[in-house]
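K.L.:
The structure under discussion is supplied below as C-alpha cells; questions concerning it will follow.
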Amino acid sequence: MNPSPPHRSGRRSTPHPLLLRRLLHYIYGAEPQCSLEGVTVKYSKTGKPRYVLMNGKRLFTIKPNDMSVTLSPEGAAFLEGCFPPKVARVYVSEVPEKTVFAKHVIDADEGIRRGVDVLIIYESRLVAFGKALMSGREMKELNLGEAARVRGKVP
C-alpha cells in the first residue's frame, strides 16, 4: 500500500539535504560547500516545501510561487559558511541601517539577481542580510539608487 500524499496527511518534516542543495544552487548559482546533515524541510498542508530548519531553528522560508528563499538571521550565518567568499555577498563601505545604496557598494557577486536575498558584509564581517533591488553587476557599476533593502541584522 502506498503512503498517502503529503497534502492528505497534514504537515510533515523530513530531512532533505538534496532539495536544499539544489535550491541553493539554483538561487545563488554556486554549489553549497557545507554539510547539510541535520537540515530538515517542513512542508505545508498542500505538500509544498515551506520552511528549512536546523536544530529546530528556521533558516529559510521558501516562497511557494517562485521557490525563492527568505533568510532568517540564523540562515544568513549558515549561508555565509556554505558559500565561497564572494557568492551571495554585497561588500559595503559603511554599516547600513535600512537600505544599502549603490554608492556604498565596494564589491558584489555578479551572479546576484534582483529579488534574491543577499548577505551584507562590512569589513569582512556579516552585519546584515536583505533583498537585492538590483543585480550584482548593477550594484558595482552604478553609483545611484538602492542596491538592497535590509531585512535584518546579524548580531
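K.L.:
Can you check what the net charge comes to around Arg113, using other residues whose Cβ is under 12 Å from the Cβ of Arg113 (Lys, Arg +1; Asp, Glu -1)?
P.N.:
Around Arg113, the surrounding residues sum to -2.
K.L.:
I've got another one for you. Shape verdict for the range 24-73, please, from the Cα gyration tensor: rounded (a/c under 1.5), prolate (a/b greater than b/c) or oblate.
P.N.:
oblate
K.L.:
Fewest to most neighbouring Cβ within 10 Å: what's the order for Ile62, Ile27?
P.N.:
Least crowded to most crowded, the residues run Ile27, Ile62.
K.L.:
Does the chain come out rounded, prolate or oblate, given a ≥ b ≥ c as the square roots of the eigenvalues of its C-alpha gyration tensor, rounded meaning a/c under 1.5 and, failing that, prolate meaning a/b above b/c?
P.N.:
Here the chain falls in the prolate category.
K.L.:
Between helix 73-82 and the chain, what is the angle of the helix's C-alpha long axis to the longest principal axis, kept within 0 to 90° and rounded to the nearest 10?
P.N.:
80
K.L.:
Still on this structure, I have one more. Karplus couplings for the range 141-153 from phi (6.51 cos²θ - 1.76 cosθ + 1.60, θ = phi - 60°), rounded to Hz, Gly and Pro as x?
P.N.:
Per-residue couplings from phi come out as 8, 8, 10, 9, x, 7, 8, 8, 10, 6, 9, x, 9 Hz.
K.L.:
Follow-up question, since we're still on this one. Which value, in debye to the nearest 20, describes the size of the charge dipole of the range 6-82 about its Cα centre when Lys and Arg Cβ atoms bear +1, Asp and Glu Cβ atoms bear -1, and nothing else is charged?
P.N.:
Charge dipole of the range 6-82: 580 debye, to the nearest 20.
K.L.:
Something else about it: Using the beta-carbon distance between Arg149 and Glu74 and R0 = 22 Å, what value does 1/(1 + (r/R0)^6) give for FRET efficiency, to the nearest 0.05?
P.N.:
My answer for the efficiency is 0.65.
K.L.:
Report the number of Lys pairs in the chain whose alpha-carbons are under 24 Å apart, with separation of 8 or more residues or on distinct chains.
P.N.:
The result is 27.
K.L.:
If I take R0 = 22 Å and measure r between the Cβ atoms of Lys57 and Thr99 in this structure, what FRET efficiency does the formula 1/(1 + (r/R0)^6) give, to the nearest 0.05?
P.N.:
Numbers: r = 27 Å, r/R0 = 1.23.
Once the sixth-power term is evaluated, E becomes 0.20.
K.L.:
Which whole-Hz ³J(HN,Hα) couplings does the range 110-124 yield from phi under the Karplus relation 6.51 cos²θ - 1.76 cosθ + 1.60, θ = phi - 60°, glycine and proline marked x?
P.N.:
5, x, 5, 10, 4, x, 8, 6, 10, 9, 10, 10, 10, 6, 6
K.L.:
May I pose another question? Return the distance in nm (one decimal) between the two label points of a simple spin-label model at Arg137 and Cys34, each offset 7 Å from Cα along Cα→Cβ.
P.N.:
2.9
K.L.:
For the range 74-140, what does the alpha-carbon gyration tensor say about shape, rounded, prolate or oblate, given a ≥ b ≥ c as the root eigenvalues, a/c under 1.5 as rounded, and a/b over b/c as prolate?
P.N.:
On the way: a/c = 1.43, a/b = 1.17, b/c = 1.22.
Rounded shape, in that the Cα axes give a/c under 1.5.
We did not get these values from a lab; they are worked out from the coordinates using the rules stated. Note that this is a predicted model, so its numbers are computed, not measured. Heads up, the Cβs are rebuilt from the backbone with ideal geometry, glycines too, and the neighbour counts pull from every protein chain shown.
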